[in-house]
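Report on the following structure.
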Amino acid sequence: MGVGAKIFMTIFALVFVGAGIAVLVVMLGDLGQTADTYEWKEAPCRILSATVGEKTRTDNPYRLEVLYEYDAAGRRHTCDVYMRGYRGTDDYSEALRAAHHYAPGTEATCYVDPSDPTRGVLAHETAWKGFMLLFPLPFIAVGGGILYALWRPRKKRPDGSRAPEPISAKAKKGGVTRWLLVFFGVFFVVGVVATYFAFIRPWQRIQDAKGWAETPCRVKDAWVGEHAGEDSTTYSIEVLFEYTYHGEDYKSSWYSFGSGSSSGYSGKKAVADQLLQERQTVCFVNPDDPYEAVLNREFTSEMWLGLIPVVFALVGGIGGFFTLRSIVRRRVLALPRPGVEAKPVAPPAGMPQAPSATGPVLLEPKTSPVMKLVIIAIVAAVWNGIVLAVLLIEFVWFILIFAAIGVVLIGAVIYQLLACFNPRPRLTVSTNAAPLGSGVELRWDVSGRTERIEKLAITLEAREEATYQRGTNTYTDRRTFAQLTLAELSDPREMLTGDATFTVPPDTMHSFAARNNKIVWCLRVKGSIRFWPDVSDEFPFTVLPKDTRQ
Amino acid sequence: MRARDNPFRTERVHQVRYRLLDGTWGEVMRRLRELDYRAAIVGPDGSGKTTLLEDLAPRLAKLGFTTRSLFLNDRKRTLGPTERGEFFARLGANDVILFDGADLMGRLAWARFKRRTRGAAGLIVTSHRSGLLPTLIECRTTPELLDDIVVQILGDGAGLGELPHRLFEKHQGNLRDALRELYDMYSATAPATDAR
Amino acid sequence: MSTLKIGTYENRTAFRPGAEIAGKVLWILDESAKAVEVRLFWYTEGKGTQDVELVDSVRFDDPPRREQREFRFTAPEGPYSFSGKLISLLWALELVVLPSEETERLEIVVSPSGHEVFLHKGEEIEITDESAGQPL
């Protein structure tokens with residue numbers, strides 16, 4: 001992974017960690033205030049009154065105002081606290097539902113402070129609030145995990161010493177981590193859950209609302225709600241309207257099914273002003289639950305923002321897939337135990353695997369054009385998603401820099417998208433891991449318009465790869481040492497399909513992979529196309545040591 | 001030329017120790033003592049900071065200190081919690097910490113790290129910029145230094161004429177990159193015959 | 001300084017994969033040691049950071065100050081000894097005294113031909129110092 005990509009992922013992860021910790025701290029503070037009511041004693045109580053207080057044009061404008069009485073410590077007490085820390089709600093239906101539940105004259109259960117019987121509550125904070133603490137944890141875990149995976153410590157170097165140490169003392173054991181899978185999994189789950197609540201659920205409600213009853217209603221108030229962020233403000237349409245359904249009076253504060261707020265004040269102001277002007281309009285009432293009613297049951301453009309979490313689900317899904325694949329493919333090697341004089345040894349680390357299957361094997365390209373497109377598209381989507389979010393919160397000065405990079409990424413997406421329409425080569429080999437000196441049957445099939453390819457070449461290649469780390473820098477050098485042309489074609493008909501037999505060069509080096517030094521073999525397909533991205537695919541191929549039984 | 005025969009292979013280059021351009025080792029150790037063994041080796045890429053840090057280790061050992069090594073680089077920019085935990089669990093009052101790449105640490109993390117290592121006998125870091133700790137030495141390179149290193153590596157007393165000077169200019173004093181280019185040049189020369 | 005010697009039978013230094021690598025080690029120690037080990041390992045040299053892999057070893061605990069012992073290993077199927085432009089991989093036997101880490105090493109070759117595999121055959125050019133016009 002390049003330095004730039006690592007910096008980007010580090011910033012990405014830090015945002016996750018920071019946001020998660022901030023939310024967790026706020027939630028813990030909030031929870032701390034209310035949790036002690038769970039230790040209060042239950043007492044029967046009688047509701048004296050319950051109404052919904054309205055204070056429009058404020059935060060949480062609707063509030064259940066309740067009065068109830070109970071007996072405790074030999075005396076009768078009257079209390080008006082609904083819940084510890086209750087600040088009201090922005091959903092009138094929720095408050096109205098509670099007011100109807102606690103109708104005057106009904107018996108209910110309240111909770112009384114044993115140390116001070118004058119203090120009581122009618123309800124606890126919902127248990128969901130405790131579960132909500134779990135919500136920021138995956139963000140912290142994912143961000144922390146990405147940071148650890150990116151920058152995890154290497155083994156310590158030995159202290160400097162003038163006496164030459166045995167070279168064999170530097171032998172290091174390889175390491176395998178599987179918890180990347182956990183973090184990608186969490187990323188995926190968070191992305192899916194967030195997408196559900198931010199997009200799918202509102203969309204579902206829109207579909208359900210097509211069957212809701214059109215009902216006359218009267219707008220009591222309409223305004224533009226302001227939500228102050230760190231450096232900017234976002235806006236939402238707030239409304240309070242009343243309606244009668246089957247003889248019962250209700251009020252609702254749902255303008256549409258989209259949640260959240262966005263930049264752009266004037267459009268929303270125009271809508272609020274129009275509602276205030278008209279006053280009489282129609283709303284749509286849920287016949288199964290008349291507390292639910294909405295003025296606008298259409299899909300609004302801002303609801304598209306609910307798709308942003310899809311990117312996280314994609315990143316988690318794709319990252320998890322490749323991590324799982326690499327874990328399944330990896331071998332576990334055991335080092336010999338000391339104290340045993342002579343025994344057959346397991347193949348040393350760095351050695352290639354024997355063929356994974358007998359019979360013809362369809363090779364997979366190192367990275368398919370589609371996968372390259374997906375990866376570039378994800379990066380471009382995330383990047384441009386950030387640009388979009390920044391646009392919405394009007395960080396103007398930020399946009400220019402990020403947008404420029406976003407344009408370049410979009411260009412890369414377009415290039416890779418074009419490459420996806422290239423003819424696609426498929427290689428099938430008689431074995432995907434062949435010993436030195438052995439024969440391999442190769443078949444190629446190229447789908448698509450091969451007549452666009454001027455020349456198609458299939459080669460067997462081998463290269464050295466050496467990575468060097470010193471100080472704060474890392475370098476990787478590559479050098480091809482073997483190149484065997486298996487097919488060189490200019491006739492489109494021959495490009496479509498064909499086969500060849502080749503012999504893996506006998507007197508050279510097999511596949512090898514250590515931490516810093518590798519011998520890599522591959523089958524390379526290269527096709528030049530004028531005025532279009534070339535066909536260029538690399539198919540990993542394993543060359544085994546000579547079969548010593550022969 | 002085979003990699004193992006290339007005179008500029010990494011194992012051979014790593015055998016070249018740090019050459020002081022100004023002063024003596026005695027003066028360096030004296031200054032280090034004056035700084036209470038808390039100091040920074042400062043310099044650009046490829047100027048020998050890591051090599052100098054490694055060369056301080058046996059000299060500190062001779063004075064009775066135990067050295068503990070840490071490093072950060074472009075692939076490892078933080079000390080993981082496990083590494084950090086193990087490191088501080090074993091840190092003793094007689095330990096001098098040799099920390100390569102300390103400037104890659106974030107400001108907050110560096111402040112915390114300095115605080116937690118106050119109980120150690122010393123802390124010597126390498127950094128591309130000054131300011132982390134008082135500067136012990138500012139590593140710098142010269143064309144003549146590269147020339148000397150090349151002569152030492154080649155071992156036959158002869159140098160490469162003007163080539164080291166041109167490489168020095170091309171790589172703007174980064175000796176590591178200059179030596180890696182020499183590796184490439186030598187690797188393209190006539191190989192030893194195949195042993196068969 | 002201790003005396004350490006490591007040698008293979010018939011002074012063989014080339015082994016095919018699967019062949020037996022056997023020989024004797026001799027040590028005369030200056031001071032007592034915790035253990036003496038014979039190690040079979042490979043390591044790389046070249047332009048990259050060195051990799052080392054310990055493949056097999058035999059350990060003699062509480063060794064007498066002077067002793068001669070036999071060792072036997074089996075040469076694995078790979079990796080072969082090879083040399084390219086960027087990487088050379090070498091096999092070796094090491095006799096190591098613990099904890100002093102005094103060492104004696106014997107380089108061997110593991111490959112089907114008994115010779116190191118050479119990767120870049122036939123690629124040779126002369127590099128000249130342009131100013132002098134002389135080959136390096």
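All of the numbers you see were taken from the coordinates with simple rules; none came from a lab. As the structure is a computational prediction, the values presented were derived from the model and not from experiment. Here the Cβ positions follow ideal geometry from the backbone for every residue, glycine too, while neighbour counts run over all protein chains shown.
Converting phi to 3J(HN,Hα) with the Karplus coefficients 6.51, -1.76 and 1.60 and the offset θ = phi - 60°, segment A:469-486 yields 10, 8, x, 9, 10, 10, 10, 10, 10, 10, 8, 7, 10, 9, 8, 10, 6, 9 Hz in sequence order, with x at every glycine or proline.
In this simple spin-label approximation, B:R116 and C:T13 carry label points 7 Å from Cα along the Cα→Cβ vector, and these lie 4.9 nm apart. Against chain B, whose longest principal axis is taken from its Cα atoms, helix B:81-90 shows a tilt of about 70°.
Which entries of A:K6/B:K76; A:K366/A:K455; A:K366/A:K526; A:K546/C:K85; A:K6/C:K47 have Cα-Cα distances beyond 18 Å here? Checking Cα-Cα distances, A:K366/A:K455; A:K546/C:K85; A:K6/C:K47 exceed 18 Å. All distinct Cα pairs of segment A:237-284 go into the 1/r average, and the inverse of that average, the Kirkwood radius, is 12.2 Å.
Scaling against 2.2 N^0.38 Å puts the C-alpha radius of gyration of segment A:429-550 at 1.23. Could you tell me whether segment B:62-179 comes out rounded, prolate or oblate from its Cα gyration tensor? Rule is a ≥ b ≥ c as square roots of the eigenvalues, rounded for a/c under 1.5, then prolate if a/b exceeds b/c, otherwise oblate. Prolate.
Segment A:202-296 has equivalent-ellipsoid semi-axes of 25, 16, 10 Å, by the square roots of 5 times the alpha carbon gyration tensor eigenvalues, sorted largest first.
Quick one: A:S261, C:S111, A:S490, fewest Cβ neighbours within 10 Å first, how do they rank? Intermediate results must be reported in sequence, preceding the final value.
Details: A:S261 21, C:S111 24, A:S490 11.
The order, fewest Cβ neighbours first, is A:S490, A:S261, C:S111.
Applying 1/(1 + (r/R0)^6) with r as the Cβ-Cβ distance of A:T56 and A:R218 and R0 = 22 angstrom yields a FRET efficiency of 0.95. What the phi angles of segment B:39-54 give under the Karplus curve with 6.51, -1.76 and 1.60, with θ = phi - 60°, is a coupling list of 7, 10, 9, 10, x, x, 4, x, 9, x, 4, 4, 4, 5, 4, 5 Hz, glycine and proline written as x.
Would you mind counting up the charge near A:A272? Only other residues with Cβ under 10 Å from its Cβ, with Lys and Arg at +1 and Asp and Glu at -1.
Values: positive: A:K268, A:K269; negative: A:D221, A:E238, A:D273.
Summing Lys and Arg as +1 and Asp and Glu as -1 gives -1.
Quick check: from the Cα gyration tensor, does segment B:13-123 come out rounded (a/c under 1.5), prolate or oblate? Oblate, because a/c is 1.5 or more while a/b does not exceed b/c. Neighbour counts of C-beta atoms inside 10 Å place A:H510, A:H246, A:H101, B:H165 in the sequence A:H246, A:H101, B:H165, A:H510, starting with the fewest. By the count of other C-beta atoms within 10 Å, a proxy for reagent exposure, C:T49, B:T24, C:T13, C:T3 are ordered fewest to most as B:T24, C:T3, C:T13, C:T49. Would you please classify the overall shape of segment A:1-104 from the alpha carbon gyration tensor, given that a ≥ b ≥ c denote the square roots of the eigenvalues, rounded means a/c under 1.5, and beyond that prolate means a/b larger than b/c while oblate covers the rest? Judged from the Cα gyration tensor, segment A:1-104 comes out prolate (a/c at least 1.5, a/b above b/c). Taking every alpha-carbon pair in chain C and binning the separations at 10 Å intervals from zero gives 11, 35, 27, 15, 8, 3, 0 percent.
Among the trypsin sites (Lys or Arg not before Pro) in segment A:514-550, those placed in a DSSP loop whose Cβ has at most 15 other Cβ atoms within 10 Å are A:R530, A:R549.
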